[in-house]
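Colleague: There's a structure below that I have some questions on.
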Ligand SMILES: [Zn+2]
C-alpha cells in the first residue's frame, strides 16, 4: 500500500463518518504521547476530548478534521496511520497508540506502525489560521484553484514542475502518485521547469490535476472502495494508474516503456515519448 493521498483520505473520511458520527467519547488513552502535538500536554488533550460527541468529520488536504462539540481534532495519518472501530474487549497490539473509548462500549483506535502521524486540537475556527493547516494551498476543487492561480504560482519558481506541484502550498492533495498521473495525462515531462510551461500547457495541466483527483475520489465508492482489514482498520484499493508503479511496462498511449527517474528526491514515473520537456 502506498502512502495515502487525497482521494484515499477522502475515502477514509467517508467510511469513518459512517462508523463514528454521533458517538460520544468517554475516555482517551494515549500510549505514544509524541503523536499529540497540540496542546503540549497529552493529559490536557485527553481531558478536553472527554464527553465530546463527534458531530462530523471533514477533510483539508490530507488532514482529517473531527468536528466535536467544543473542539476540532486535526489528524494526519502520514505514512502508515490507520483508524479502526472495535469493541472494547477485542485485543489490540503494540502499534495502537491512541484509543478513544466511546460511551457505547466501542473504541476508535489509532494504529500507526511508523508513529509519524499527528493530532492537533483546536477551538472551532482556530484551526485554519494555525499550523499545520495555515500554510496549505487551495483544495483542487475549490473556486480559487483556477488555471490563472496555477500559472501565477508556477511562474514564481524554476523548480521542476513535479516538485512545485508536490508543494502543498501550491495545491493540496497531490502526492507522488497523482502528480505523476496528472503530468502524464497533461503530456508534461516531470523535469520541465515550472516557470517555463506555456499558458496552454498550464491550462491542460490544471484540468488534468482536477480530473485525476476527482476521478480517484469518485472511484472511492466503487473500484477504490474502502474495506475493513483483518485488524478492523479502514483501508482502500487504489485506482488503476497509467504510469505510477509501471516501470518497464508499455505506455497505454504509445507502447513506449515507462521510465523511472528521480526528481527532487522522489521516484518519478513517466513516458519519454508522450511527455516532452518544453
Ligand atoms: Zn507514451
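Values quoted throughout were computed directly from the atomic coordinates according to the rules given, and no laboratory measurement underlies them. Model, not experiment: these values are computed from the prediction. Note: ideal-geometry Cβ built from the backbone for every residue, glycine included; neighbour counts use all protein chains shown.
Colleague: In nm, give the distance between the simple-model label positions of residue 56 and residue 80, each being 7 Å from the Cα along the Cα-to-Cβ direction.
Modeller: Result: 3.4 nm between the two label points.
Colleague: On to the next question. Just the C-alpha atoms of segment 44-83: what Rg/Rh do they give, with Rh taken as the Kirkwood radius?
Modeller: On the Cα set of segment 44-83, Rg over Rh gives 0.99.
Colleague: Could you tell me the calculated FRET efficiency between residue 240 and residue 210, based on Cβ-Cβ distance and R0 = 25 angstrom, to the nearest 0.05?
Modeller: Plugging the Cβ-Cβ distance into 1/(1 + (r/R0)^6) gives 0.85.
Colleague: Moving on to the next point. Over the chain, with a Gaussian network built from C-alpha contacts below 10 Å, which listed residue (128, 164, 142) shows the highest mean-square fluctuation?
Modeller: For the chain, modelled as a Gaussian network with Cα springs under 10 Å, the answer is 142.
Colleague: List the residues of segment 104-146 whose backbone N lies under 20 Å from a point placed 7 Å from the Cα of residue 44 along the Cα-to-Cβ direction.
Modeller: Under 20 Å, as judged by backbone N against the label point of residue 44, lie 118-134 of segment 104-146.
Colleague: Sticking with this structure for a sec: Report, largest value first, the span of the C-alpha coordinates of segment 43-122 along each principal axis, in whole Å.
Modeller: Taking the Cα atoms of segment 43-122, the three principal extents are 31, 30, 22 Å.
Colleague: Mind running the shape call on segment 18-65? Use the C-alpha gyration tensor, a ≥ b ≥ c as the square roots of the eigenvalues: rounded below 1.5 for a/c, prolate if a/b tops b/c, oblate otherwise.
Modeller: oblate
Colleague: To continue, here is another question. So how much slack lies between residue 27 and residue 199, counting 0.36 nm per residue of separation and subtracting their Cα-Cα distance, in nm?
Modeller: Length difference between fully extended and current span is 56.5 nm.
Colleague: If you don't mind, another one. Starting from a Cα-only point model with no solvent, please compute log10 I(q)/I(0) by Debye for the chain at q = 0.11, 0.13, 0.15 1/Å.
Modeller: Those come out to -0.67, -0.89, -1.10, one per q.
Colleague: So for the chain: antiparallel DSSP bridges make up what percent, rounded to the nearest 5?
Modeller: Taking every DSSP beta bridge with both residues in the chain, the antiparallel ones total about 95 percent.
Colleague: Using the eigenvalues of the Cα gyration tensor, what equivalent ellipsoid semi-axes result for segment 66-175 when each is taken as the square root of five times the eigenvalue, whole Å, largest first?
Modeller: 35, 17, 11
Colleague: While we're on this one: Quick one: if you stick a label point 7 Å off each Cα along the C-beta vector at residue 155 and residue 70, how many nm between them?
Modeller: Going from the residue 155 label point to the residue 70 one covers 4.9 nm.
Colleague: A follow-up question, please. What is the spin-label model distance, in nm, from residue 148 to residue 90 if the labels are put 7 Å beyond Cα along the C-beta direction?
Modeller: For the pair residue 148/residue 90, the computed spacing is 5.1 nm.
Colleague: Quick one, can you get me the convex hull of the C-alpha atoms of segment 116-224 expressed as volume per residue in Å³?
Modeller: Spread over its residues, the Cα hull of segment 116-224 gives 133 Å³ apiece.
Colleague: Taking only the alpha-carbon positions of segment 102-158 and ignoring solvent, what does the Debye formula give for the base-10 log of I(q)/I(0) at q = 0.13, 0.23, 0.29 Å⁻¹?
Modeller: Values, matching the q order: -0.65, -1.01, -1.12.
Colleague: Tell me the Kirkwood radius of segment 1-145: reciprocal of the mean inverse pair distance over distinct alpha-carbon atoms, in Å.
Modeller: This gives a value of 15.5 Å.
Colleague: Return the single residue from 102, 257, 119 with maximal mean-square fluctuation; model: Gaussian network over the chain, springs between Cα atoms under 10 Å.
Modeller: Among 102, 257, 119, the largest GNM mean-square fluctuation belongs to 257.
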